[in-house]
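*Asks:* The structure follows.
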Amino acid sequence: MAILFKTTPAAMTRWRPHLAAVLPQREIRFWPEIGDKSAIDCALVWHPEPGLLASLPNLKLIVSLGAGVDHILRDPDLPGGVPILRLVDPYMTDAMSEYIVLQVLRLHRQDIDYRTQQSAAEWREREQKNAAERTVGILGFGTLGQDAGKKLKALGFDVAGWGRSAKDIPGFATYAGPVGLDALLARSEILVSLLPMTPETDGILDAALFARLPRGAGLVNAGRGRHLVEADLFAALESGQLSAAVLDVFRDEPLPPHHPFWRHQRVVVTPHVAAETHPPTALPIIAAAIRDFEAGRPLGNLVDPRRGY
Ligand code: NDP
Ligand code: OXD
């Protein structure tokens with residue numbers, strides 16, 4: 001049986017050289033040249049076209065080529081009952097933590113203000129705090145959120161996390177559910193979002209949420225663009241309720257050239273690169289998961305489609 005492989009054309013050039021080496025016994029069919037659909041039993045995908053997976057009559061396993069699975073679950077014709085695995089790769093986890101540490105430090109050390117001062121040749125010292133005096137809240141305290149939290153804590157930040165379910169994670173204040181969110185927000189001078197995109201988290205970063213943060217808080221969003229209500233962010237930056245935002249993910253990607261985020265003085269934009277999938281480390285993990293599936297062994301990182309992540 002064959003494996004369907006579908007990603008963006010740009011990413012394909014990164015994956016292709018590694019695929020045959022890691023899955024030598026399997027025929028790989030690169031979308032859109034996928035031939036006889038009935039010969040495909042496994043799909044490795046990033047943003048599959050709606051209906052593509054349903055068109056494969058013998059599909060037995062779907063693997064996301066990223067940590068998020070919203071790009072699969074949004075398909076209204078997604079075949080029910082086919083297990084979906086998401087990618088959990090320590091290389092990617094490290095990359096995300098590097099990004100979060102960089103951006104939290106940027107906000108903590110007022111880098112955006114000093115860049116602005118530099119452009120005006122303005123020599124002015126700003127009030128400085130140590131990391132231990134800075135509270136950071138992480139929305140989405142799963143694989144990525146916890147690792148970033150540990151690394152921020154190692155730098156001295158006062159870190160807390162928020163998830164759907166209550167958790168006891170030594171060394172961290174943790175909060176859960178809507179009631180817990182209030183408490184997390186009230187103590188977060190820097191708010192980091194590493195949530196998955198689900199019906200519950202759609203538009204969660206809105207005016208009501210910003211109003212519950214300490215005045216002048218900073219925001220880092222590396223979860224998904226649809227979490228953010230863009231108009232509410234502009235208003236919060238305008239009023240000073242938020243002091244700055246670092247955004248890696250957007251409702252429209254690529255971010256259109258005329259979008260005001262590109263030129264906003266208090267917004268830092270990165271092009272969805274916080275943690276790119278890394279084929280040399282991801283493929284052995286994916287190949288091992290396929291072997292486990294075929295051998296009937298229990299699978300880790302199974303997605304619960306009802307939960308949405
Ligand atoms: P996990 O599944 O390990 O963690 C998700 C976390 O979010 C869990 O703590 C979960 O709670 C929490 N959560 C989910 N729904 C809710 C909710 N309704 N209310 C409160 N908390 C909720 O995912 P990862 O950490 O691996 O990845 C998170 C996301 O990061 C991905 O889905 C993707 O969108 C994004 N990402 C972005 C990348 C980038 O380059 N910008 C790269 C990789 C991922 P609980 O613990 O209770 O289950
Ligand atoms: C992912 C991503 O979900 O890169 O892996 O956004």
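The values are calculated or read from the model by the stated rules, or taken from the named source; none is laboratory data. These numbers were taken from a predicted model, which means no experiment stands behind them. Ideal geometry is used to build each Cβ from the backbone, glycine not excepted, and the neighbour counts take in all protein chains shown. With ligands, DNA and RNA removed, areas are computed over all heavy atoms of the protein, side chains included. Shrake-Rupley method; radii C 1.70, N 1.55, O 1.52, S 1.80 Å.
*Asks:* How large is Rg/Rh for the stretch 81-123, to two decimals, with Cα atoms and a Kirkwood Rh?
*Replies:* 1.38
*Asks:* For the stretch 163-171, in order, what is each residue's ³J(HN,Hα) by Karplus, 6.51 cos²θ - 1.76 cosθ + 1.60 with θ = phi - 60°, in whole Hz (x at glycine and Pro)?
*Replies:* Values per residue, Gly and Pro as x: x, 7, 10, 5, 9, 10, 10, x, x Hz.
*Asks:* For a Förster distance of 41 Å, can you work out the FRET efficiency between the beta-carbons of W262 and L299, rounded to the nearest 0.05?
*Replies:* Taking R0 as 41 Å, the efficiency between W262 and L299 is 0.50.
*Asks:* I would also like to ask the following. So what is the diffusion coefficient of the stretch 78-228 in µm² per second by Stokes-Einstein at 10 °C and 1.306 mPa s, using a Kirkwood Rh over Cα pairs?
*Replies:* In µm²/s, the coefficient rounds to 96.
*Asks:* If I stretch the segment between R187 and H71 completely, what's the gain in nm (0.36 nm per residue apart, minus their alpha carbon distance), one decimal?
*Replies:* This chain segment gains 38.5 nm when fully extended.
*Asks:* Another question about this same structure. Considering the chain as a Gaussian network with a 10 Å cut-off on Cα pairs, which listed residue, Y175, Y114, Y91, attains the greatest mean-square fluctuation?
*Replies:* In the Gaussian network model the winner is Y114.
*Asks:* How far is helix 143-154 tilted, in degrees, relative to the longest principal axis of the Cα atoms in the chain, given as a value from 0 to 90 rounded to the nearest 10?
*Replies:* Tilt relative to the chain: about 40 degrees.
*Asks:* Measure out, as a whole number of angstrom, how far apart the alpha-carbon centroids of the stretch 189-250 and the stretch 105-177 sit.
*Replies:* 14 Å
*Asks:* Additional query: If you count, for each residue, the other Cβ atoms within 10 Å and average over each peptide, how do 197-204, 75-82 line up from highest to lowest?
*Replies:* Descending packing order for the listed peptides: 197-204, 75-82.
*Asks:* Expressed as a rounded percentage, what relative contact order does the chain have, with Cα pairs under 8 Å and six or more residues apart?
*Replies:* 16 percent
*Asks:* Probe 1.4 Å, all protein chains in place: accessible area of R266 in Å², nearest 10?
*Replies:* Number for this one is 60 Å².
*Asks:* Does anything in the stretch 228-260 have its amide N under 18 Å from the 7 Å Cα→Cβ label point of R115, and if so which residues?
*Replies:* Residues 234, 237-238, 242-250, 255-260 fall inside that zone.
*Asks:* Note the full-extension length gain between V82 and W31 as 0.36 nm times their separation in residues minus their Cα-Cα distance, in nm to one decimal.
*Replies:* Gain on stretching V82 to W31: 16.4 nm.
*Asks:* Additional query: Please give me, ordered by residue number, the GluC sites (Glu not before Pro) of the stretch 92-146 that lie in loop per DSSP and have at most 15 other Cβ atoms within 10 Å. All intermediate terms of the calculation are to be shown ahead of the outcome.
*Replies:* Details: sites: E98, E122, E125, E127, E133; in loops: E122, E125, E127.
Of the GluC sites (Glu not before Pro), the ones in loops of the stretch 92-146 whose Cβ has at most 15 other Cβ atoms within 10 Å are E122, E125, E127.
*Asks:* Also: Calculate, for the chain, the solvent-accessible area per residue in square angstrom, rolling a 1.4 angstrom probe over the heavy atoms of the protein chains. Kindly include the intermediate steps, with their values, before the conclusion.
*Replies:* Working: 14770 Å² over 309 residues.
Value for the chain: 48 Å² per residue.
*Asks:* Also, I was wondering about something else. In degrees between 0 and 90, to the nearest 10, how far off the longest principal axis of the chain does helix 9-22 point, with axes built from Cα atoms?
*Replies:* 50 degrees
*Asks:* Can you give me the pair-distance distribution of the chain, C-alpha pairs, 10 Å bins, whole percents?
*Replies:* The distribution over the chain is 6, 26, 31, 22, 12, 4, 0, given as percents.
*Asks:* Restricting to DSSP loop positions (anything but H, G, I, E, B) with no more than 15 other Cβ atoms inside 10 Å of their own Cβ, which trypsin sites (Lys or Arg not before Pro) remain in the stretch 219-252?
*Replies:* Taking the stretch 219-252 and a limit of 15 other Cβ atoms within 10 Å, the loop trypsin sites (Lys or Arg not before Pro) found are R251.
*Asks:* Follow-up. Measure off, as a whole percent, the carbon and sulfur share of the 1.4 Å-probe accessible area of the chain, all protein chains present.
*Replies:* Here it works out to 55 percent.
*Asks:* Starting from the residue with the highest accessible area, list K6, K151, K60 in decreasing order, probe 1.4 Å. Before the final figure, lay out the partial values.
*Replies:* Working: K6 15, K151 70, K60 100 Å².
From most accessible down to least: K60, K151, K6.
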